[in-house]
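Below: one structure, written as structure tokens.
The values are calculated or read from the model by the stated rules, or taken from the named source; none is laboratory data. As the structure is a prediction and not an experimental result, all values here were calculated from the model. Here the Cβ positions follow ideal geometry from the backbone for every residue, glycine too, while neighbour counts run over all protein chains shown.
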């Protein structure tokens, strides 16, 4: 079996205060991209599960997901899971969460509490159980499906090195970037209204902002240069996705995104062009 785990693009991310559980309250638009990891699943040769992900060191969230599934009663023979990483690692694109959610979907008919299990694995995992355009609230556990957005293309500029999510949130806290709860709710209502007709995000570009951006730039100043470069090649909006360090530029369609990527300075030769994935 081969399954795909789409990258998650934050078209906006509004930051609230820290909750009693230590996580931050958020309001964000999540959009799955055509850019995806490829996951191959075959029976294991031995009596234990095996997760292989070339180039990624340390524990893998897919392995944690498998252990959690089996602990909750999922019955399946040992698996060998090989992940072909195409989503940049620690880039704010939710690649690890997408991989874990894709594997959780294997137990969709056997485990009734997958959303709860997903939330226990990480804030981005619940939204990836059914990749779709959605308004995400809480710390990521509340997922409100929205009409699929109209056409647009993106150019992603990943950094050569990932950025620690916790460090970015801590920096945002130190800079006092959090919004009041009432403001978060008002912004959520504006997002619902703006997306209700299935418009392209370019039509509500004024709502596309990421409150973590200043914190990410504080830790990785080069992000600001990438954002400027995207604006100079014609991006309607340039911002970071997730906690960074990936900079993303929004364009009218994939053709415009392709042209823009080709016009970027040579140091951004690793830029990735993608489009929204029509799932759900």
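Quick check on residue 56: is it in a loop (DSSP other than H, G, I, E, B), closer than 21 Å to residue 104 by Cβ, touching a strand residue (DSSP E or B) at 6+ places or on another chain (Cβ under 9 Å) and without any contact (Cβ under 8 Å) to a residue 40 or more places away in the chain? Steps first, please.
Numbers: in a loop (DSSP other than H, G, I, E, B): yes; closer than 21 Å to residue 104 by Cβ: yes; touching a strand residue (DSSP E or B) at 6+ places or on another chain (Cβ under 9 Å): yes; without any contact (Cβ under 8 Å) to a residue 40 or more places away in the chain: yes.
Spelling it out, residue 56 is indeed in a loop (DSSP other than H, G, I, E, B), closer than 21 Å to residue 104 by Cβ, touching a strand residue (DSSP E or B) at 6+ places or on another chain (Cβ under 9 Å) and without any contact (Cβ under 8 Å) to a residue 40 or more places away in the chain.
Go through the range 212-230 and report how many residues are in contact with a helix residue (DSSP H, G or I) (Cβ under 7 Å, 6 or more places away or on another chain) and assigned to a loop (DSSP other than H, G, I, E, B).
Total satisfying the criteria: 1.
Of all residues being touching a strand residue (DSSP E or B) at 6+ places or on another chain (Cβ under 7 Å) and assigned to a helix (DSSP H, G or I) in the range 244-260, which is surrounded by the fewest Cβ atoms within 10 Å (Cβ to Cβ)? Just the residue, please.
Ranking the qualifying residues of the range 244-260, first place goes to 258.
Considering only the range 69-88, I want to know if a residue exists there that is surrounded by 15 or more Cβ atoms within 10 Å (Cβ to Cβ) and within 30 Å of residue 173 (Cβ to Cβ).
Yes - at least one qualifying residue is present in the range 69-88.
Hey, residue 202 hits all of (1) under 20 Å from the mean Cα position of the chain (by Cα); (2) in a loop (DSSP other than H, G, I, E, B); (3) more than 13 Å from residue 156 (Cβ to Cβ) but one; which does it fall short on?
Among (1) under 20 Å from the mean Cα position of the chain (by Cα); (2) in a loop (DSSP other than H, G, I, E, B); (3) more than 13 Å from residue 156 (Cβ to Cβ), residue 202 violates only (2).
Any residue that is closer than 24 Å to residue 15 by Cα and in contact (Cβ under 8 Å) with a residue 24 or more places away in the chain - is there at least one of those in the range 271-280?
yes
Sort through 104, 93 and tell me the only one that's surrounded by 20 or more Cβ atoms within 10 Å (Cβ to Cβ), in a loop (DSSP other than H, G, I, E, B) and at pLDDT 95 or above. Full working, then the answer.
Details: 104 fails: in a loop (DSSP other than H, G, I, E, B).
None of the other options fit; the residue is 93.
Please specify each residue of the range 197-216 satisfying the condition of being touching a strand residue (DSSP E or B) at 6+ places or on another chain (Cβ under 8 Å) and within 25 Å of residue 161 (Cβ to Cβ).
Correct list: 209, 210, 211, 212, 213, 216.
Can you spot a residue in the range 231-243 that is touching a helix residue (DSSP H, G or I) at 6+ places or on another chain (Cβ under 6 Å), in a helix (DSSP H, G or I) and either closer than 27 Å to residue 89 by Cβ or modelled with pLDDT of 95 or more (or both)?
No: the range 231-243 contains no residue that is touching a helix residue (DSSP H, G or I) at 6+ places or on another chain (Cβ under 6 Å), in a helix (DSSP H, G or I) and either closer than 27 Å to residue 89 by Cβ or modelled with pLDDT of 95 or more (or both).
Of the residues that make up the range 23-46, is at least one surrounded by 14 or more Cβ atoms within 10 Å (Cβ to Cβ), modelled with pLDDT under 95, closer than 22 Å to residue 215 by Cα and out of contact with any helix residue (DSSP H, G or I) (no Cβ under 6 Å at 6 or more places or on another chain)?
yes
Got a sec? Which of 99, 159, 124 is buried (at least 22 other Cβ atoms within 10 Å of the Cβ), farther than 21 Å from residue 16 by Cβ and either free of Cβ contacts under 8 Å to residues at least 40 places away in the same chain or under 18 Å from the mean Cα position of the chain (by Cα) (or both)?
Of the residues listed, the single one that is buried (at least 22 other Cβ atoms within 10 Å of the Cβ), farther than 21 Å from residue 16 by Cβ and either free of Cβ contacts under 8 Å to residues at least 40 places away in the same chain or under 18 Å from the mean Cα position of the chain (by Cα) (or both) is 99.
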